[in-house]
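Below is one structure, written out as structure tokens; comments come after it.
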Amino acid sequence: MKYTLLALGAACAFYGCAGAKIAHTDVATGAYNPKAIYIRSYIAENAPFRGHHGDSVGEHKIRKSLAPAAFSKALKEEMEKIAPAMVLTNNDEPADVGWLVESEIEYASAGSQTARAVLGPLGVGHSCVKIHVRITDVDSRHAASSDKDMSKGGTGNIVYEFDVSGGSSVSGAIGSTYAPGLGNPEEFDYKNAAERISYALTLDPQRYGVRTVPTINF
């Protein structure tokens, strides 16, 4: 029984490590409670797109071209927990209220299904994604952004700018809620990154401050 519990504990450790984190923050102003959120995603022209994306090597270019749309969809679902959100096309412009959330996929590796099947608990064959995020307060259009590489017309004060990284880590062949196992990892990685972004921008995301009854100490 003791060894069974140890094995289960080890498995939980292995399969609970997939996810995403904020790797680096350049700007953090303390802004919160936007009235609306507009999302626009890109993939860098020279972004490495490696590993087993899709069902064949010939599908890689298709998956890469769809990556911004896939991440925008995942990000919209998560940012709606903060405020009403919508995905902008390249020709759309945000309204004059709320946040413009721009993201650029800088690196996406789907890893190797075969390697994860054999040595996944050691981290071999893991997937990886790196995304740069910039959030602009479109209310403040008097201050234009100095960097136009990601923005296609949105101007205003940058309220947050940071990098997100994540992947399947040591999740192995079985996978989990956060990792694909032997499946295609990109949707998992995009969802994990989107969830981390929403989590980082939410006040009390774990709702530790929410109480249903008074807890006054005398």
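The values are calculated or read from the model by the stated rules, or taken from the named source; none is laboratory data. Just so it is clear, the model here is predicted, and its values are computed rather than measured. Cβ coordinates were reconstructed from backbone atoms using ideal geometry, including for glycine residues, and neighbour counts include every protein chain displayed. Side chains included, ligands, DNA and RNA excluded: accessible areas come from the protein's heavy atoms. Shrake-Rupley method; radii C 1.70, N 1.55, O 1.52, S 1.80 Å.
Of all the numbered requirements in (1) open to solvent by 60 Å² or more (accessible area, probe 1.4 Å); (2) modelled with pLDDT of 95 or more; (3) not in a helix (DSSP H, G or I), E45 misses one, and that requirement is (2). As a summary of the residue check, M86 satisfies the conditions (1) of a type outside the set (G, A, S); (2) more than 21 Å from I158 (Cβ to Cβ); (3) out of contact with any Ser or Thr (no Cβ under 7 Å at 6 or more places or on another chain) except for the one numbered (2).
When the residues of the stretch 165-190 are filtered to those that are at pLDDT 90 or above and surrounded by 22 or more Cβ atoms within 10 Å (Cβ to Cβ), which remaining residue is nearest to E78 (Cα to Cα)? Among those that are at pLDDT 90 or above and surrounded by 22 or more Cβ atoms within 10 Å (Cβ to Cβ), it is Y190.
Every residue, every condition in (1) at pLDDT below 90; (2) within 13 Å of E186 (Cα to Cα), yes or no:
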{"site": "A28", "(1), (2)": "no, no"}
{"site": "G58", "(1), (2)": "yes, no"}
{"site": "I82", "(1), (2)": "no, no"}
{"site": "E93", "(1), (2)": "no, no"}
{"site": "S127", "(1), (2)": "yes, yes"}
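Note on the stretch 82-137: among residues that are within 17 Å of the chain's Cα centre (by Cα) and β-branched (V, I, T), the one that is farthest from H60 (Cα to Cα) is I82. Go through the residues of the stretch 8-19 one by one and say whether even a single one is at pLDDT 95 or above, closer than 27 Å to L201 by Cβ and open to solvent by 50 Å² or more (accessible area, probe 1.4 Å). No; the residues of the stretch 8-19 include none that is at pLDDT 95 or above, closer than 27 Å to L201 by Cβ and open to solvent by 50 Å² or more (accessible area, probe 1.4 Å).
Residues in the stretch 69-94 that are free of Cβ contacts under 8 Å to residues at least 60 places away in the same chain, touching a Lys or Arg at 6+ places or on another chain (Cβ under 9 Å) and open to solvent by 20 Å² or more (accessible area, probe 1.4 Å): 6 in all.
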